[in-house]
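The values are calculated or read from the model by the stated rules, or taken from the named source; none is laboratory data. All of these numbers come straight from a predicted model, not from anything done at the bench. Cβ coordinates were reconstructed from backbone atoms using ideal geometry, including for glycine residues, and neighbour counts include every protein chain displayed. Accessible surface areas use protein heavy atoms only, side chains included; no ligands, DNA or RNA. Shrake-Rupley method; radii C 1.70, N 1.55, O 1.52, S 1.80 Å.
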Amino acid sequence: MSLSGRRVLLIVAGGIAAYKSLELVRLLRKSGCGVTAVMTEAAGQFVTPLSLQSLTENKVYSDLFSLTDESEMGHIQLSRAADLVVVAPATANILAKLAHGLADDLASTVLLATDKPVLVAPAMNVRMWQHPATVQNMATLAARGVAVVGPDDGVMACHEFGPGRLAEPPAILAAIEAMLSPPRPLAGRHVLVTSGPTHEPIDPVRYIANRSSGKQGHAIAAALVALGARVTLVSGPVTVPDPAGVTVVHVETAAEMLAACESALPADAGVFAAAVADWRVDNAGGQKLKKTPGGPPPALALVPNPDILASIAAAGPRRPRLVVGFAAETHDVLRHATEKRLRKGCDWIIANDVSPATGIMGGSENEVALVSASGVEPWPRMGKDDVARRLAARIAEALV
Ligand code: CTP
């Protein structure tokens, strides 16, 4: 499994097994994981900072009171920059400090200051491991959600036999991979998403458009991919970049958007976040409209566009199992949204107030309510990315 782009903060405590931390670093680097190492003073008796620095290709930290280290990368920042904190080997001493909240060196301070998940790989003499103090400390840590790998049974450096040997580096790597691999509840599902405005031509150089930025629809596509879905995003003209890992079909008009959506079926779910123009210009010509001095302004004959959401919701056997529409309203939001859900035949409507005072249209925040057959569920105001993640999670629950 690739850990590319992920970062581990590795704390190496002082024990004979510390030499195995070098092999762990090598395995992590091979899988693409970035590693920064913190050593306790005792660890320096077993491995050198230079070995760890060479293998991690990063500066090694050990001194809580180093002025240069603190100004470059403070102890709070060290763990904030990581996705996971791993203590390998974890001695009885560092486990006791973590269980009791002691912070008397850089390693223990980082462990107390971190807001990231922690994995410990204990290694110690069998009697120390079985001592009631260690047993109690491990129970405390487990209750706080600290993950544990090992220790293994075997003959130890002290010639005793029993549990206490550091887990082998491949086993520690597997535990790290399990903690860093996000759940993929939408693996094997295909979701269709529309996003952005449509442009309806008046002539070859002019068009009717609206203020939609595509931020919300694009964020939904990205959040669905993050949960493992295969996503087809049919996007009108926007300036936001294509989300990574998504199949993007770029269109201009509502007619093109409908055709692209129909060709993307079948899909398990459809999320229709695009602000589709309700009308197009029927008499759009192939040539630029010219002013005639003293003449009347041109009259645009508007005809209704197809309703993409309603068409896909009525697609019979090709209808996605879950159809989600949006209702951008400026007044009587929930009444209009409830009525729109029924009129368009969709399962859920994400309703929001887009009146100018809200700053939602084109902004980075949104305040929505999920309207379904079971009622109205208001969500607090949050970033459009958070709305997207929450909606993706709800879609995953609905498709199980
Ligand atoms: N929608 C669509 N095709 C259209 C118009 C709207 O797919 N031609 C979808 C939008 O993507 C959204 C939902 O329908 O999911 C509601 O869009 P909205 O603009 O709020 O509704 P309208 O149908 O345009 O109704 P009104 O303008 O009367 O509020």
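Check every DSSP H run in the chain and write down those whose alpha carbon atoms cover 20 angstrom or more along the long axis and whose mean Kyte-Doolittle hydropathy is -0.5 or greater.
384-398
Where the only charges are on Cβ atoms (+1 Lys, Arg; -1 Asp, Glu), what is the dipole of the range 7-180 about its Cα centre, to the nearest 20 debye?
So the dipole magnitude of the range 7-180 works out to roughly 280 debye.
Per residue, what volume in Å³ does the convex hull of the Cα atoms of the range 7-180 enclose?
99
Taking a 1.4 Å probe, which of L391, L112 shows the most accessible area, and what order do the others take after it?
From most exposed to least exposed: L112, L391.
List, largest first, the extents of the alpha carbons of the chain along their principal axes, each in whole Å.
99, 47, 36
If R₀ is 41 angstrom, what is the calculated FRET efficiency for the pair F65 and T140, using the beta carbon separation as r and rounding to 0.05?
The calculated FRET efficiency here is 0.90.
Scattering from the C-alpha atoms of the range 94-224 alone, worked out with Debye: what is log10 I(q)/I(0) at q = 0.19 1/Å?
Values returned for q = 0.19 Å⁻¹ are -1.12.
Label-point separation (nm) for S364 and T330, each offset 7 Å from Cα along Cα-to-Cβ?
Taking the two extended label points, one gets 2.7 nm.
On average, how much accessible surface per residue is there in the chain, in Å², for a 1.4 Å probe, leaving out ligands, DNA and RNA?
Averaged over the residues of the chain, the accessible area is 48 Å².
With all protein chains present, how much of the accessible area of the range 248-380 (probe radius 1.4 Å) comes from carbon and sulfur, to the nearest whole percent?
C and S fraction of accessible area: 56 percent.
Helix-only mean residue ellipticity at 222 nm, the chain, DSSP H runs n ≥ 4 weighted -39,500 (n - 2.57), per residue, nearest 500. What is it?
The helix contribution divided over the chain gives -9500 deg cm²/dmol.
Mind putting a number on the dipole of the chain about its Cα centre? Charges go on the C-beta only, +1 for Lys and Arg and -1 for Asp and Glu, and I need it in Debye to the nearest 20.
It comes to approximately 860 debye.
Which semi-axis lengths, in whole Å and largest first, follow from the square roots of five times the eigenvalues of the Cα gyration tensor of the range 280-376?
Largest first, the range 280-376 gives 35, 21, 11 Å.
Past 25 Å, Cα to Cα: identify those pairs from K20/K116; K30/K59; K30/K215; K288/K344; K116/K215; K20/K59, in the order given.
K30/K215; K288/K344; K116/K215
Please list E256, E397 from largest to smallest accessible area, probe radius 1.4 Å, with all protein chains kept in place.
So the residues, ranked largest to smallest area, are E397, E256.
With a cut-off of 8 Å between alpha carbons and a minimum separation of six or more residues, what is the relative contact order of the range 190-399 in percent?
Once normalised by length, the contact order is 21 percent.
Expressed as a whole percentage, what fraction of the accessible surface of the range 7-180 belongs to carbon and sulfur atoms when a 1.4 Å probe is rolled over the protein heavy atoms?
The nonpolar share, carbon plus sulfur, comes to 57 percent.
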